Structure formats: C-alpha cells, structure tokens
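So the structure is just underneath, and the comments pick up after that.
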Amino acid sequence: MRREQRRTRLPLRKSLFGRLLAASALVAACSVAATAWLAVQTTSGAIKQEQGQNLTADARIYNTLLGYAAGHPTWDGVDSTVRDLARQSGRRITLTTQQRHPLADSASLPSPPALPPQASAIVDPLSVDTALSRTTDRAGGAADRVDPRAVGPFRLPAAERATLQRAAERSAACLSRVGIAADVVRGPSGRPRVEIVGNDPDRVQNTRCTTDELDSPTATEEKALDALNQLADACLKRQGRPGVQLNLDLSWGDGSVTKPAAQPATVIPLASPAPSTRTGEDDRATASCVDTARREQLSSYVASPALLFISEEGGTTVPGFDLSPSNTAKIAGAAALVLALTVGATVLAGSRLVRPLHALTGAAQRMRDGEDSAPVLVSDDNEIGRLAAAFNDMADHRARLEAQRKDMVSDVAHELRTPLSNIRGWLEAAQDGLAKPDPAFIASLHTEAVQLQHIIDDLQDLAAADAGALRLHPEPVRIEDVLAQVAAAHQARAETAGVALSALPAAADAPSPVLWADPVRLRQAIGNLVSNAVRHTPSGGRVTVRAYGAETSADEAAADGEVVVEVADTGSGISAEHLPHVFDRFWRAEKSRSRRTGGSGLGLAIVRKLVEAHGGSVGAVSVEGQGSVFTLRLPMDAGDTASALDAGGPGAPDDGAPNGADQA
C-alpha cells in the first residue's frame, strides 16, 4: 500500500510543478497586459496632449471671434480677423450662419472641401461656451453666459471716460502717497477702476482717499440702467411680481435690501450686499428677469450667432487614436509569444526544481518504510541543495540514534542480566543445598539487589528527564556546603582506593557563592562526577572539588551571575576521540563492558540532564594519561532556574532518593 502511494504522482493542479507553472503563466499574462496597458496609456497620453494643444488653439480662436461679435452688431469685416487666426494656427477657419450660409472662410483653395458635419462651436456673445471661453465672468457662475465684452449701451463716450480716468488716477495717486500700491484698470465699457495690489480693502477704508466719483454712474450708464430696469420690471410684472430698482452693479433692492444679479465684468460692486428679506423664489425670478432683460437689451449691439468650423487645410479633422485589427493582431501575437517563452522557461526551471524534491520525497518514504535510505545527491549550492544536505544530515543523525537505541536496549539487557543471573545462581544453589544461606550469602544477594536498584533508579531519572517530568525543589544553597557534603560522603571509598579526595574552599577574599538550586539533585550530580573520578584514578592519585563565581580572580573568572563547579582528577584521562561521547548513555571506553571498574554508563548522562534542568551546562576536558576536569556551570539567578523548570513541562515532584554514588 505504501509503495503504491509512493509511486502515485500528484495531479498537476496539486503539484509544486503545476503551481509554479500556473503562477508563471499568470505573471506573464499580467506582465503582457500591464505592458500593453502602459503602451496604450502612453500613446493615448501623447494624443491627448496633442489634442490639448489643439484645444488651446481652438479656444484662442473662439475667444477672438467671440470678442469680435461682442463689439460689433454684424459680422461684416470679420474676414481679415479670420485670415489672421488661420495663418497663426495653420488651420482652416470657417464662419457660417446657423443655416450654414458662409460668412467668412480662410480656405485658400479655389474649391475648398466640404465642411465637417458638426460645427466646432457656436459663436454667440449672449450664450458663451464656458468650456472654450476664458473671459466668462467667474462671479456670475454658470447662470451668466453673457460675454463681458458685450457692453452695448453701457459703453462710455470719450468725455465720460476721460473724466472717470482722471478721477481714478487721482485716487490711485492718493493711495500711493499713503503706501498702498494701486493700478488703474479699464474695463470693456471704458469705465476705469482702481485695483489694489494685494486686494486689502480694509486698508483703503482707513485712508482719506475717496472714490465717490468712480462709484457714481455717468449719464450714459444711468440711461442704459433705466432701460434695463424697465425691461426687467416688465418681465416681473408678467409674472405678477413687484418691480425692483437695479443698481450699477446690477444688484436690486426694495428700499433697504439689495441682491446681486449676474455681474458684468465692466462694473465693480460698490459695496457688499445687505442681508435679504425677500424669499428665495422672488430672488430667483428677479435674477432670471434681469438676465433676460440684459440679453434683450444687448441683442441689437452684438452680432448674431454663427457656426464656427475649425479643420485642417485638407478639410479633415484631427484623427483620434484607433486600434486597428492589424495592430490588435500584433499585440495579441506578441503577448502569445511572451506567454509561450515564459511557459517554456518555467517548464525547464520547474523540472530542475522538482527533480531533487522527488528524490527527497522518495528517500523520506524509504526511511518511513524502514528501508536503508541512500544519501540524496547534492548538486547545487542553493536552497534545494541545502535542503538536501540538511536531509542527509538528518538521515545520518537518525541512523545514529537508531544505532544508539539498539545499543541501549542491548546494554540495559546486559546490565540487568548480570546481577539477575548472580541472584538466580545463588538462589538455585541454595535451593539445591549447594550453598548455605549464611550472612555472607545474604550480603552477596543484597549487593546484587542494590546494583539492580541503582540501574533502575538511573533509568527512571533519565526517563523522567526525557519526559519533562523531572521536578526540582530549588532553594538558596551555599555551594561550599554541598561540596563538603559530597566529599564527606565519598571519603571512605576514596581512602579505600588510595585516592586523596579534597574540597577546596573559595578564595579568602571572596564570599562563598550562593545559588538557587535543588540541593538533593545538585549533590547527586556532583556526587556522580566524584564517584566517576575516584573510580578512574589509580592509587596515589588525587581528586579535587572546588567552586567559584564571578568574584574570583580573572584567571578563574566565571560569567557574571554564574557559579562554576570543577571536579578534577589525576586519573587515566580520556582520549580525544572518546571525549565527545562521555555524556552519552551507556557509553564506556571499555567496549567489553567489563564490570571490573563498576558502573552502568548512565551516571554522566544523568549529570548532564540534572544540570540542564537547573538551566546550566556541563563540559569536560582531558589529557590522556594525565587526568580529566569536569565543569558544571550553574546560574545564580532564580529566574534562570525557573525558566528551566518551565521548559521541563509538567510532572510529579521527584520523591525518590538520589543515588549517592553513580556508576559511570
């Protein structure tokens, strides 16, 4: 079943290769679409820019002709203006009546082409095209479409213009003397006005420079204003509304209230309008009648509406952007080519990417089935190559762990079989009457039972540590007291072996290090090291135990907040090739597992687990034939030990007695 699953390939839509191919195709399609869109937008932008330039030229032509119509009652004499505009713009300009009867045409050909079916604009000074005109009164808004240059009867004669000009110049000179910059500007009707630079009316009001002469209408303006007022009142009367009195700025009032109408650019408001008491409906009706009256009054002073045609000399208009079928086919072909190249490159790259992944998958499945997994070939130093190298390392590590597991099972069986065989042999001998159950017999059985208990306790400690169930009971501990207790517990055994065992005190000028630890487990760890050192030190040798902290001299300095415990011996030492394995379980240099020196091969492994449970570390240095030094580094801070306890996970408190002397 597993081999069938191994040989079954994933569907293309679920495989990495299929997803890579789909992603590449999507990226290619998006790239092509973005490129096409950018090309179209760029081209369209260029065309719009050209069209904008043409629109600017058209607006200039329109405004020039609009100004001519506003200042002349007929189109007579407009030919020269049309020819000048055509020469400046390089375009054909044609004016016709609304019935398309020609008024003026700049075409130089004897038989000019027919006019376009639709006019470019309608030139009407009483109904200005706000999209083209640059002179429409901005104050009037969209409702006022009368060209400000259409002044009609409000145009001042020379005498009145001269009188107002002198008054404006006097006012500007007065303002200049008090430090206010002002210019005299003349409107289309000939009426001058004083324009303040900076537009600060408050400064003008604080001066003695009056403008009463400029604020009062002239005789010509009063006559035109009365005629406009009569036309507006007639319109209001037809609607059943009361008449109004128009001011020079075309505002109206009912005695105390003024309302502005659409203001021509020829007049500057004399004062801000007062708040209105009229209803909004009355004001809208009045504004509409004033606008109608203005158009009626100006109709005889301006030219009639005309159609304006602006085209090329050949009679064609400016072509727009048109994506022809051939251009569409070219874009589609280029997009298909790019997509095909992208898919091809993706297939090649995806094949090289997926091939080592298939090899890794096969090796992992063989490993799962318990088969020997050959190393995956690492061809390139890239992400996939590094993944394959990491997988090979993992496979090697797994093989080593499997070998260690098998060795551990064998070692446990061997270690348990020997004392059990001895106990069974002595009991069978006693049962057969070959051995007498005397005190020596009982002592021998007790020794073997104690050995079994030691092995079982060691295995239990290791199992609890691996499962995170090894719980500590930390408290403040003076390390010198722990060393003295360990030395006293092993002193008799050391004397029996002819080994000098001593616990060196801390430096005279340094306090004894105090750390936060479980004293029972700490004695067990140090005791295992001392027991191991005594066992491997020949008669006449020496075993030394000492501890120091950061307060000692620099040559023995520990890290800040750390206590270092050293167990040194003058024993046989450990070779360099065996030194990395001294803390492995059931490891002993005696491959024959001789019990001459005792030990189960678990003591140093337990030491490492106990130290790591305290948040510390353990290490060893040795010179073969000269001795070894085992070093424990333990944190003094209670927080580090608490972190180590939290990392160990939940578990029942350890209520078993520690092994006083371990067998390494």
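Tabulated values for the structure
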{"quantity": "Simple spin-label estimate for SER410 and THR210 in nanometres, 7 Å along Cα-Cβ", "calculated": "12.8"}
{"quantity": "Length added when fully stretched, GLU495-VAL520, from 0.36 nm per residue minus Cα-Cα", "calculated": "6.6 nm"}
{"quantity": "Förster-model FRET efficiency, 35 Å R0, SER351 and HIS578, C-beta, rounded to 0.05", "calculated": "0.15"}
{"quantity": "Calculated FRET efficiency for the pair GLU195/LYS237, C-beta based, R₀ 51 Å, to 0.05", "calculated": "0.85"}
{"quantity": "Cα-Cα pairs of region 74-197 separated by more than 17 Å (percent)", "calculated": "72"}
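Here, each number is a calculation from the coordinates, and none is a lab measurement. Keep in mind that this is a model prediction, so the values were computed, not measured. Every residue, glycine as well, gets a Cβ built from its backbone with ideal geometry; the counts of neighbours run over all protein chains shown.
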